[in-house]
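Enquirer: First the structure, then my questions, so here it is.
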Amino acid sequence: MKLSELKYDEKSRVYINPEKVIDYSDGEENEQYVLDCLRSAEDTSIFSKDLLKSIKDWPSEYHFTTYRPNIVRPFKIKKGQKVLEIGAGTGAITRYLGETGADIIAVEGGCHGPSVSPKDVEICRTSRLSAVMLKMLNSRKNLT
């Protein structure tokens, strides 16, 4: 598949391949909870007190912990650097990268469940960060 074959959705600011789907899920109930928390939070930043208060179990801790970005902190990413994040999931690390001021292209392959997708959650998590561009590649084919 070529990047030029993806369709850009103006509303969600995400490139998608509507023909293929990669199935992965934390469970629709857990993902709906994460989405609801992000939608109701005034602050969706990495150190958001709203999100920290929403941690109730492993899936919510995984999405809202302040520790996840530690995996990329050693790279000392700075404002204006270009970063390609592959496997962006629901945007926990994407949010951190965006907060550094770097220009981010976040690629995610999952698009699942009738009501919740990583795209929905990541848009809530990163919507106020203009330097983040989301691309949903719901296909297992190689990009050229």
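The values are calculated or read from the model by the stated rules, or taken from the named source; none is laboratory data. What you see is a predicted model, and the numbers here were worked out from it, not measured in a lab. Here the Cβ is made from the backbone with ideal geometry for all residues, glycine too, and neighbour counts use every protein chain on show.
Enquirer: Going by what's in this entry, would Asn17 be described as touching a strand residue (DSSP E or B) at 6+ places or on another chain (Cβ under 9 Å) and buried (at least 17 other Cβ atoms within 10 Å of the Cβ)? Break it down into steps so the answer makes sense when it comes.
Expert: Numbers: touching a strand residue (DSSP E or B) at 6+ places or on another chain (Cβ under 9 Å): yes; buried (at least 17 other Cβ atoms within 10 Å of the Cβ): yes.
Criteria met by Asn17.
Enquirer: For Ala88, which of the numbered conditions (1) touching a residue at least 40 places away in the same chain (Cβ under 8 Å); (2) farther than 13 Å from Leu134 by Cβ; (3) not charged (D, E, K, R) fails to hold?
Expert: Tallying (1) touching a residue at least 40 places away in the same chain (Cβ under 8 Å); (2) farther than 13 Å from Leu134 by Cβ; (3) not charged (D, E, K, R), Ala88 fails exactly one: (2).
Enquirer: Here is a further query. Kindly provide the set of residues from the stretch 64-85 that are in a helix (DSSP H, G or I) and either surrounded by 15 or more Cβ atoms within 10 Å (Cβ to Cβ) or touching a residue at least 60 places away in the same chain (Cβ under 8 Å) (or both), ordered by number. I'd like the intermediate steps shown before the answer.
Expert: Narrowing the stretch 64-85 to residues in a helix (DSSP H, G or I): 64, 68-71, 73-75.
Answer for the stretch 64-85, where residues must be in a helix (DSSP H, G or I) and either surrounded by 15 or more Cβ atoms within 10 Å (Cβ to Cβ) or touching a residue at least 60 places away in the same chain (Cβ under 8 Å) (or both): Phe64, Arg68, Pro69.
Enquirer: Moving on. Could you list, in sequence order, the residues of the stretch 38-76 that are more than 16 Å from Thr100 (Cβ to Cβ) and hydrophobic (A, V, I, L, M, F, W, C)?
Expert: Selection gives Leu38, Ala41, Leu51, Leu52, Ile55, Trp58, Phe64.
Enquirer: Looking only at residues in the stretch 13-44 that are in contact with a helix residue (DSSP H, G or I) (Cβ under 6 Å, 6 or more places away or on another chain) and within 16 Å of Gly89 (Cα to Cα), which one is modelled with the lowest pLDDT?
Expert: So the residue we want is Val14.
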